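Bear in mind that the values in this text are calculations on the coordinates, not laboratory data. Remember, predicted model here, so these are calculated numbers, not experimental data. Here the Cβ is made from the backbone with ideal geometry for all residues, glycine too, and neighbour counts use every protein chain on show.
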Ligand SMILES: C[S@@+](CC[C@H](N)C(=O)[O-])C[C@H]1O[C@@H](n2cnc3c(N)ncnc32)[C@H](O)[C@@H]1O
């Protein structure tokens, strides 16, 4: 398993490694907190997550733990609250996964610079750089079409995200 270190500022820390096939074990590793941080943009967008340093394509930037919300509870309760904007659709289990930590703070862009994979068995979502990301760039994901915070008369985007049709917040799936 390859692990790179950075001690340029006198502090030894583990840096994220690229996921290039032979390092499958690294997929389970927590990403370094030194690569991303939360910043406030404005009242409309709220907070977002920004790269603190250049990230190579495929870098694992976040592993978000989630809470599973069963379908009935989701439909009767959660979908009627602000948490609706922080859940991901559960294809296998049904219902939704409420994303915790930084995973809940990635804003939408089209195109995004992160891909993500939902692991419903482990209730985790892993976020990867889908291209090289420069220091200071906002880290974003693709929510899908019909965004509730956009002007409905504005330009339409495709119903499906670029690669994986599961990559949408549940609000957009219902
Ligand atoms: C999953 S949260 C992202 C974190 C959120 N910015 C916050 O501070 O809690 C989704 C919410 O962020 C805002 N948002 C995300 N992407 C946006 C965008 N491209 N433009 C405007 N608002 C956006 C919307 O208010 C949306 O309901």
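Tabulated values for the structure
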| quantity | calculated |
| --- | --- |
| Residues (within 13 Å of the ligand (Cβ to nearest atom) and either free of Cβ contacts under 8 Å to residues at least 12 places away in the same chain or loosely packed, with under 13 Cβ neighbours inside 10 Å (or both)) located in region 63-88 | 81, 82 |
| Options 115, 42, 110; residue that is within 12 Å of the ligand (Cβ to nearest atom) and touching a residue at least 12 places away in the same chain (Cβ under 8 Å) | 110 |
| Residue 133 vs. criteria in contact (Cβ under 8 Å) with a residue 24 or more places away in the chain, within 22 Å of residue 37 (Cβ to Cβ), surrounded by 14 or more Cβ atoms within 10 Å (Cβ to Cβ) and within 14 Å of the ligand (Cβ to nearest atom) | no |
| Of residues in region 94-119 being in a loop (DSSP other than H, G, I, E, B) and in contact with a strand residue (DSSP E or B) (Cβ under 7 Å, 6 or more places away or on another chain), the one surrounded by the most Cβ atoms within 10 Å (Cβ to Cβ) | 106 |
| Subset of region 43-70 [closer than 19 Å to residue 137 by Cβ and in a strand (DSSP E or B)] | 46, 47, 48, 49, 50, 51, 55, 60, 61, 62 |
